[in-house]
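The structure under discussion appears below in the form of structure tokens.
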Amino acid sequence: MVGIIVQENESIDRALKRFKKKYERSGILKEYKKRTFYLKPSVEKRMNRIKAQRRIAKENRLRKK
């Protein structure tokens with residue numbers, strides 16, 4: 001579980017910002033979204049291939065500039 005300790009004289013806004021950063025870095029939301037629905041292995045592989053192709057195309061575009 002993610003948690004923070006609020007320091008003395010620290011504003012609530014600052015503490016919330018620290019909590020949100022820690023929460024994002026831990027990957028809890030990403031893992032939750034991944035587990036909420038089932039993808040067939042064939043569909044998952046296809047999606048991963050498409051993501052890889054997009055990533056490679058983006059890297060190539062950035063290199064050309």
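Every read-out reported here was derived from the displayed coordinates using simple, explicitly stated rules and does not represent laboratory data. All values derive from a computational prediction rather than experimental measurement. Virtual Cβ from ideal backbone geometry, glycine too; neighbours counted across all protein chains shown.
Looking only at the range 20-49, filter to residues that are among the hydrophobic types (A, V, I, L, M, F, W, C) and surrounded by 10 or more Cβ atoms within 10 Å (Cβ to Cβ); which one of those is farthest from Ile5 (Cα to Cα)? Among those residues, the one meeting the criterion is Val43. Of the helices (runs of 4 or more DSSP H) contained entirely in the chain, not one carries at least 1 residues that are touching a residue at least 40 places away in the same chain (Cβ under 8 Å).
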